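Enquirer: A single structure is presented below for examination.
Bear in mind that the values in this text are calculations on the coordinates, not laboratory data. Everything numeric in this text was worked out from a predicted model, so none of it was measured. Methodologically, a virtual Cβ is constructed for each residue, glycine included, from the backbone with ideal geometry; neighbour enumeration extends over all protein chains shown.
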Amino acid sequence: MGRQANKLKIRLAIIVIFSIFVIGVTGYMLIEDDNFLDAIYMTVITVSTVGFGEIHYLSAAGKLFTIFLIISSVSTVAFALSIIITHLVEGRVSHFFSGQILKHVKKMENHIIICGFGRNGQQVAHELKASNSPFVVIENNHEIILNYFKQNIEFVEGNSTNDDILEKANIKTAKSLISTLPNDADNLYVVLTARSLNPKLTIISRASDENSEKKLRMAGVDSVVMPEKVGGAHMATLVTKPDVIEFLEHLSIHGEDPTILEEIVCDSFSEKYLDKTIYDIQIRKKTGANIIGYRNPQGEYVINPLPDTKLKPHSKLFVLGTPEQIEKMKNIFRQ
């Protein structure tokens, strides 16, 4: 829609300028009986307001026509020219930027692709940026890309339902895709296309209703988020359990807050820590961080796991602590 609107503006601007010149040339030829070249000359010096003298004395009708031409053209032509110049400059800047962006995107691996940069997409980008997770945004609106380019966000301009655009975002080397498009049908199409291009991709999609959620899951989505449902549940909890919400808001998944919640994949551990129990590794004693959750290799979650829980390959730990405590814990596991 953004490109179509820009093209329409350019066409209107060209039509306005052309119409002013046609009116000017025709008027001078009919009113002053000028030849074609003289009529063009009079129109140009009148519209451009350069101040050269007339080629001959104007009649009363010619003077009135000149006044009309100046009043009608001085604002409209200037406005039309500004639209054309702006379009040309932005087009060149955009072409340069897009070329630079694609060079960076082609080098990305294990990154996250965000489809759509509306309110949900912007919030996703904000959180990923805060957690230093590499990501690229696919957005079809040219103006949005120009507005947010200065924030060091990698963009691929185009429709995310298009195979070529997804490939430009390096989908084959990406680890996750988040589709935040407002239309559920578009999200479904993106999911089907993305899954065919990268079967191992983790896909998360927005949905508006439960029927769409079922279809998205059938198409291969790993997780479906319904913003209205989540927002409504959050507001209800603020009334029924306000202190719980306030407590949870003190936690963060990135390093901006003093206490963060982190997930750690056990496959990244040194071999000497695998098949050991939580009690054996003494994480709280060594770092001060707390293991509050565990996901076993079968995908089952255990809240507040017992000390005799063994750390198995392909499992995960959910740890609560300060950024320093979490980093110290990771360093221990790498030893």
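Enquirer: Exceeding 20 Å between C-alpha atoms, which entries from my cross-link table qualify? They are Lys107/Lys168; Lys200/Lys330; Lys285/Lys328; Lys272/Lys330. Write out the running numbers ahead of the final one.
Expert: Working: Lys107/Lys168 11 Å; Lys200/Lys330 26 Å; Lys285/Lys328 12 Å; Lys272/Lys330 14 Å.
Among Lys107/Lys168; Lys200/Lys330; Lys285/Lys328; Lys272/Lys330, the Cα-Cα distance tops 20 Å for Lys200/Lys330.
Enquirer: Give me the distance between the Cα centres of segment 254-312 and segment 37-67, rounded to whole Å.
Expert: Spelled out, the Cα-based centre of one part sits 84 Å from the other.
Enquirer: Quick query: amide H of Phe155 versus all other amide H atoms, modeled in the peptide plane; which residues come in under 5 Å with a sequence gap of 5 or more or a different chain?
Expert: Those lying under 5 Å, H to H, from Phe155 are Val137.
Enquirer: Counting pairwise Cα distances across the chain, what percent come out greater than 38 angstrom?
Expert: 42 percent
Enquirer: Another question, then. Based on the Cα coordinates of segment 122-170, what is the per residue volume of their convex hull in Å³? All intermediate terms of the calculation are to be shown ahead of the outcome.
Expert: Numbers: hull volume 3.6 nm³, N = 49.
So the per-residue Cα hull volume is 73 Å³.
Enquirer: Expressed as a rounded percentage, what relative contact order does the chain have, with Cα pairs under 8 Å and six or more residues apart?
Expert: Answer for the chain is 10 percent.
Enquirer: Taking every pair of distinct Cα atoms and averaging 1/r, then inverting, what Kirkwood hydrodynamic radius in Å comes out for segment 108-230?
Expert: Here the Kirkwood hydrodynamic radius works out to 14.2 Å.
Enquirer: Compute the distribution of all C-alpha to C-alpha distances in segment 2-81, in bins of 10 Å from 0, and list the percent of pairs in each, rounded to whole numbers.
Expert: In whole percents, the pair-distance histogram is 18, 48, 22, 9, 2.
Enquirer: Lysines near Lys229 by alpha-carbon distance under 17 Å, same-chain residues fewer than 8 away left out - which ones?
Expert: Hits, sequence-local ones excluded: Lys214.
Enquirer: By count of other Cβ within 10 Å, fewest leading, how are Arg295, Arg119, Arg217 ordered?
Expert: In increasing order of surrounding Cβ atoms, one gets Arg119, Arg217, Arg295.
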